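The values are calculated or read from the model by the stated rules, or taken from the named source; none is laboratory data. Please read these numbers as outputs of a predicted model, since none were measured by experiment. Please note: Cβ atoms are built from the backbone with ideal geometry, for glycine as well, and neighbour counts cover all protein chains shown.
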Amino acid sequence: MAQLDILEFPDPRLRKIAQPVAAVGDDERALAESMIETMYAARGIGLASTQVNDSRRVFVMDVSDAHDAPLVFFNPEILTRSGEQVCEEGCLSIPGITAEVRRADVVKVRALNLEGVSFEMEVDGLAAVCIQHEIDHLDGKVFFDRLSPLKKRMLQKKYQKQRQGASVSG
Ligand code: K2U
Ligand code: ZN
């Protein structure tokens with residue numbers, strides 16, 4: 001499989017809303033495999049198709065300690081969410097910036113797996129954060145959007161300065 005380019009904020013393509021797949025075929029499985037390879041290469045624990053400029057609605061995740069248990073979620077839907085947690089989040093599309101984000105602590109999600117079979121999973125903690133973070137990407141959102149207007153403005157300025165510094169130093 002191939003490593004894919006990850007779009008970086010403020011690329012407008014990160015604002016596209018991913019569309020459900022009609023079926024999980026060989027092309028969809030190849031996309032998922034490439035996303036898993038790209039996620040590991042970028043040292044991520046999640047990656048959404050929007051971040052690699054693909055409109056099919058899928059994300060991959062691996063929150064295992066050994067980074068050897070990738071999961072694939074086509075057409076994911078959050079069925080229930082409960083509780084609350086605050087997690088320091090980063091994003092492969094917004095490198096170098098982190099912020100505390102408030103999200104549900106427990107989520108139950110339904111999706112199609114690599115064989116196109118529907119499954120449900122209830123998770124908490126970091127897995128729950130990751131699932132919510134990735135589904136936000138599929139809906140054209142980034143974690144900045146979940147911050148207060150002041151915090152969002154501050155971090156966007158910090159990120160822009162960081163990118164300008166990087167482009168000057170080459
Ligand atoms: O979608 C992405 O950009 C990958 C995200 C997923 C994620 C964000 C916040 C919290 C959990 C998952 C990350 O960049 S993956 C990097 C990472 C690694 C370990 C812990 C948290 C984030
Ligand atoms: Zn992200």
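Going by the structure shown, is residue 81 more than 10 Å from ligand 1 (Cβ to nearest atom) and not hydroxyl-bearing (Ser, Thr, Tyr)?
The answer is yes for residue 81.
Does the stretch 115-142 hold any residues that are in a helix (DSSP H, G or I) and more than 18 Å from residue 60 (Cβ to Cβ), and which are they?
125
So which of 123, 101, 117, 107 is farther than 30 Å from residue 22 by Cβ and among the β-branched types (Val, Ile, Thr)?
Of the residues listed, the single one that is farther than 30 Å from residue 22 by Cβ and among the β-branched types (Val, Ile, Thr) is 101.
Taking only the stretch 37-74 into account, find how many residues are surrounded by fewer than 18 Cβ atoms within 10 Å (Cβ to Cβ) and of a type in the set (S, T, N, Q).
Qualifying residue count for the region: 3.
Could you look through the stretch 60-81, keep only residues that are in a loop (DSSP other than H, G, I, E, B) and not acidic (Asp, Glu), and pick out the one that is farthest from residue 129 (Cα to Cα)?
Residue satisfying both the conditions and the ranking: 66.
Considering only the stretch 55-78, how many residues are closer than 26 Å to residue 159 by Cα, out of contact with any Gly (no Cβ under 6 Å at 6 or more places or on another chain) and either at pLDDT below 95 or within 9 Å of ligand 1 (Cβ to nearest atom) (or both)?
Total meeting the criteria: 1.
For residues that are in a loop (DSSP other than H, G, I, E, B) and near ligand 1 (Cβ under 7 Å from one of its atoms), scanning just the stretch 24-54, find the one that is nearest to residue 112 (Cα to Cα).
For the stretch 24-54, the residue satisfying everything is 45.
In the stretch 86-100, which residue that is crowded, with 16+ Cβ neighbours inside 10 Å and away from ligand 2 (no atom under 11 Å from the Cβ) is nearest to residue 167 (Cα to Cα)?
Filtering first and then ranking leaves 99.
Residue 57 is checked against (1) in contact with a Pro (Cβ under 6 Å, 6 or more places away or on another chain); (2) closer than 15 Å to residue 130 by Cβ and fails just one. What number does that condition carry?
(2)
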